[in-house]
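First the structure, in the form of structure tokens, and then the observations on it.
The values are calculated or read from the model by the stated rules, or taken from the named source; none is laboratory data. Only a predicted model underlies this, so the values are computations on that prediction, with no experimental measurement involved. Don't worry about glycine lacking a Cβ; one is built from the backbone with ideal geometry, like all the others, and counts go over all protein chains shown. Keep in mind that these areas ignore ligands, DNA and RNA; they rest on the heavy atoms of the full protein, side chains included. Shrake-Rupley method; radii C 1.70, N 1.55, O 1.52, S 1.80 Å.
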Amino acid sequence: MYRERPGRDNGRAVVPLPSLEQDAVYQEALKIVRQRRAKRAGERRAARAEKAESAESQQLEPAGQVPKYLQLSCILKPSSAQAPVPPKRPRPRPRKEPRSLPLSWLELRDTLGLTVVASLQPLLLKLSSGEHRLPTGVWLVLDPSTAQKLPRSLEPEDVGDLPLGTRPCNSKAWVAEKSVPLLQLLEEEQLTWSAAEANFAKCARGACFLALKHAGFVLKALATKECIQAQQEGMDPEKPLESTLEEIDAKVSRAAGLVGSRAAAESRRRPGASRGNGNGSPRKEAEVES
């Protein structure tokens with residue numbers, strides 16, 4: 001019921017409202033609401049009691065029995081119970097078919113200019129700076145057309161001085177006529193990587209630029225040969241060819257300094273060398289071989 005505040009007159013008429021306590025519909029609705037609230041409260045009490053009972057039963061389980069929440073599939077087993085994981089094995093790559101017919105040894109030798117000879121005894125070279133003697137077993141590269149002129153026996157023949165190959169070195173050089181019968185053509189089985197490295201090490205300890213460059217050229221030709229054969233068999237080479245060639249060039253550059261020093265010292269010890277004839281210093285004479 002509306003009550004007017006004391007001391008205030010708003011000029012409106014006061015209309016009394018009916019009381020809900022006497023309304024039967026209101027009383028019936030209020031009764032239904034109270035019953036529903038009581039029912040929900042009873043359900044909540046029963047759920048709490050059931051939960052408390054289940055917790056007590058889990059605490060009273062016999063020893064050795066694993067609780068239910070520990071038996072879930074997400075719980076991992078101890079490491080001792082797990083099966084060992086087998087190591088991963090690399091999948092074998094299918095072997096590719098050759099793209100074309102493989103080149104024969106003669107075709108490879110002519111393509112790469114890999115016609116190599118070795119001396120059975122110390123031989124004599126004729127260079128633009130003079131004559132130079134090489135030790136036994138040093139490898140030299142010939143042009144394929146020049147290799148056909150090699151004598152088949154150690155008997156002296158009238159073949160003249162034998163020119164060396166021009167691909168390893170731009171300077172011209174010849175094998176003296178008396179040393180030509182001492183040359184022996186190396187076959188494919190003899191041209192191995194280990195033998196080529198041994199020949200390079202021998203030339204790096206010497207005093208001839210020409211022999212050092214021929215030894216470096218043989219290494220490059222063998223690396224190219226292995227790369228070509230791998231591609232023909234459908235396999236990838238172990239190392240890119242460009243990096244291998246760069247490593248060989250670096251080896252030649254490192255050994256060139258020591259070889260040049262020995263060549264200059266040898267030219268100074270040469271009996272016919274003269275210092276004041278206007279032909280240049282002994283070091284310049286040694287550098288002519290390069």
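Among the residues of segment 191-209, the ones that are assigned to a helix (DSSP H, G or I) and at pLDDT 90 or above come to 12 in all. Kindly establish whether Val180 is open to solvent by less than 20 Å² (accessible area, probe 1.4 Å), at pLDDT 85 or above and part of a helix (DSSP H, G or I). In short, yes. Remark: pairs (first residue in segment 186-207, of a type outside the set (A, V, I, L, M); second residue surrounded by fewer than 17 Cβ atoms within 10 Å (Cβ to Cβ); Cβ separation under 6 Å; 6+ apart in sequence or on different chains) = Glu188/Trp105.
Considering segment 210-253, the residues that are among the polar types (S, T, N, Q) and closer than 29 Å to Leu123 by Cβ include one that is nearest to the chain's Cα centre (by Cα), namely Thr224.
Looking at Thr136, Thr111, just one residue is part of a helix (DSSP H, G or I), surrounded by 11 or more Cβ atoms within 10 Å (Cβ to Cβ) and either polar (S, T, N, Q) or at pLDDT 75 or above (or both), and that residue is Thr111.
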